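First up is the structure itself, then whatever we jot down about it.
The values are calculated or read from the model by the stated rules, or taken from the named source; none is laboratory data. All values reported here derive from a predicted model rather than from experimental measurement. Positions of Cβ are backbone-derived with ideal geometry, glycine not excepted, and every protein chain shown enters the neighbour counts.
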Amino acid sequence: MSFIRSFNYILITITIILNVYIFTYPSLDTKQCSWNSKSTYLQNSNPLVNYFKDLYSLYFGNLVPEDITSFEKELRLMAFGDPQIKGNWPSTPYLKKLDTYGNDYYLGHIYKVMKNRLNPTHVVALGDLFSSQWIGDSEFFNRTKRYVTRLYNQPEEHIVPILDYISKNEQVDWIEYSNDLKSKNLEDFNWEYQEVFDWTTADYSKKFAKTPLFLNVSGNHDIGYSGDATWQHMARYNKLFGKDNFWIEYNKGTPQAFRIVVLNSLLLEGPALQPEFLEYTWEFLYKLFEQRFKGSTILLTHVPFYKKEGLCVDGPYHEYYNEETMKSEHYKNNLLRSQNHLSQDVTQRVLNLIFDESEKYPGIILTGHDHEGCESYYSLNNTDYSWYSTSSKPRNQPFVKEITVRAMMGEYGGNTGLLTGKFSQARNQWDFHFSLCPFIIQHVWWFTKIISIISLFTTSFIVIFNL
Ligand SMILES: *[C@@H]1O[C@H](CO)[C@@H](O)[C@H](O)[C@H]1NC(C)=O
Ligand SMILES: *[C@@H]1O[C@H](CO)[C@@H](O)[C@H](O)[C@H]1NC(C)=O
């Protein structure tokens, strides 16, 4: 056997191993990468046995849950933190452009593998879909297009209206949008949905098989912090990603009642560029509170709640525009420029408004923003009626768990968050369980693509020239 042939065998072996890895990685960590279910077939202590058993059940067995329209007993929500896709400009170096292009498919690969494996009922991207709030409409449209075709590949029926709108490449009519909102009474805002399974059908019932409901959460890079957010930001986000604040109630009036609340946490505190936005968000919270909803709440929002230094990687931090930081935009002086958490006061108010019944109906919070990920617990102190955060689960006391989902970005390992909700008949309430399924840093994914191409070439070469 010639040297070149032996070399090629090694190349092919590595290619196969890497490809098997990237296409079956969740089966290597079945505990983190599956819904929290009772089935015990994965409890074997031999990881290799687990791996093959898992693959077997994935393709021939019952690992993929079928039903995605009834949430009587089970909710399966897949959560992605901060994809933050970048853009290309004429001056961007060629390699950087290639990197951005490949990154879209790296993220898309994670979504595809996880979605096919686990058939979620809901998917949420927890804000910061894009990497910058300082982009024009055209670039916002172009990233949206990449987002719905490459990252979270949506069925054609879902993306046709989005792509139609984008293809016109007209600037968004934010003046009309602002006039419309300003002319409305706060009481006439509509944030409420019931039993939504599909955004594209008139009655929100499910039409397309196996398509989870996609939930969008606004991040500071999508619409800006409150010192940045303009009518233009809000108009285009609304046009392509829907409302920034809303709730959906499921199984209302039954013991299995629960609701999903999507909150725009960027527009809760100021000083804001457009103070109206803060008014809208607070009104949303008051309306939500007035529902006096009897059921569990899953809160999805971008900015984590206040916690003291050291509980998570990000500590409390607020920054305001000043003489130096406002650059040429003098009108921004003193406005809110950035924040790691909600302030202590806003945290108290929001938790009171959303989780006022959490003693009876357990709740859970998913956030993004800090990239590293973190889990903490909020419990209400019955002497001073304030919420306190701790890093360990409080004993003998009701609490609301907050999970800051580790970023999906390549640098952080391409994570998927899995929230399983199960209704316990015995205790007559929902139980929530969260796990984080990491993929691998993007370099390995890149390397797999490159080595696959090289071995294809060398093999063809050997075959053609009969070496
Ligand atoms: C967005 O894409 C369109 C069509 O490919 C292109 O004409 C336009 O220049 C792009 N916008 C930006 C800001 O690059
Ligand atoms: C959320 O985004 C997805 C993907 O971009 C889109 O298909 C869906 O329609 C959006 N949701 C709403 C309510 O607009």
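What is the residue count in the stretch 193-219 for residues that are closer than 17 Å to TYR152 by Cα, part of a loop (DSSP other than H, G, I, E, B) and among the polar types (S, T, N, Q)?
Result for the stretch 193-219: 3.
Take TYR237 and tell me if it is farther than 17 Å from ASN352 by Cα, surrounded by 17 or more Cβ atoms within 10 Å (Cβ to Cβ) and either out of contact with any Leu (no Cβ under 9 Å at 6 or more places or on another chain) or of a type in the set (Lys, Arg) (or both).
Answer is yes for this residue.
List every residue pair whose Cβ atoms sit under 8 Å apart, with the two residues 6 or more apart in sequence or on different chains, where the first one lies in the stretch 129-155 and is over 23 Å from HIS371 (Cβ atoms) and the second, anywhere, is away from ligand 1 (no atom under 13 Å from the Cβ) and of a type in the set (Gly, Ala, Ser).
These pairs meet every condition: ASN153/GLY108.
Quick grid of which residues meet (1) at pLDDT 95 or above; (2) over 20 Å from the mean Cα position of the chain (by Cα); (3) surrounded by fewer than 22 Cβ atoms within 10 Å (Cβ to Cβ); (4) in a loop (DSSP other than H, G, I, E, B):
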residue: TYR41; (1), (2), (3), (4): no, yes, yes, yes
residue: LEU48; (1), (2), (3), (4): no, yes, yes, no
residue: LYS53; (1), (2), (3), (4): no, yes, yes, no
residue: ASN62; (1), (2), (3), (4): no, yes, yes, yes
residue: PHE80; (1), (2), (3), (4): yes, no, no, no
residue: LEU95; (1), (2), (3), (4): no, yes, yes, no
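Restricting to the stretch 167-196, and then to whatever is of a type in the set (Val, Ile, Thr) and away from ligand 2 (no atom under 11 Å from the Cβ), can you tell me which residue is surrounded by the most Cβ atoms within 10 Å (Cβ to Cβ)?
VAL172
Exactly one of (1) touching a strand residue (DSSP E or B) at 6+ places or on another chain (Cβ under 7 Å); (2) over 20 Å from VAL303 (Cα atoms); (3) at pLDDT 90 or above; (4) surrounded by fewer than 14 Cβ atoms within 10 Å (Cβ to Cβ) is unmet by ASN381. Its number?
(3)
Residue-by-condition table, conditions (1) away from ligand 1 (no atom under 15 Å from the Cβ); (2) surrounded by 18 or more Cβ atoms within 10 Å (Cβ to Cβ); (3) at negative phi; (4) part of a helix (DSSP H, G or I):
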{"site": "TYR101", "(1), (2), (3), (4)": "no, no, yes, yes"}
{"site": "ASP104", "(1), (2), (3), (4)": "no, yes, yes, yes"}
{"site": "ILE110", "(1), (2), (3), (4)": "yes, yes, yes, yes"}
{"site": "MET114", "(1), (2), (3), (4)": "yes, yes, yes, yes"}
{"site": "ASP128", "(1), (2), (3), (4)": "yes, yes, no, no"}
{"site": "ASN153", "(1), (2), (3), (4)": "yes, no, yes, no"}
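Starting from residues that are crowded, with 16+ Cβ neighbours inside 10 Å and away from ligand 1 (no atom under 11 Å from the Cβ), keep the ones in the stretch 133-148 and report whichever is farthest from the chain's Cα centre (by Cα).
Result: GLN133.
Could you list all residues from the stretch 140-197 that are within 22 Å of TRP247 (Cβ to Cβ) and in contact with a Leu (Cβ under 7 Å, 6 or more places away or on another chain)?
VAL196, PHE197
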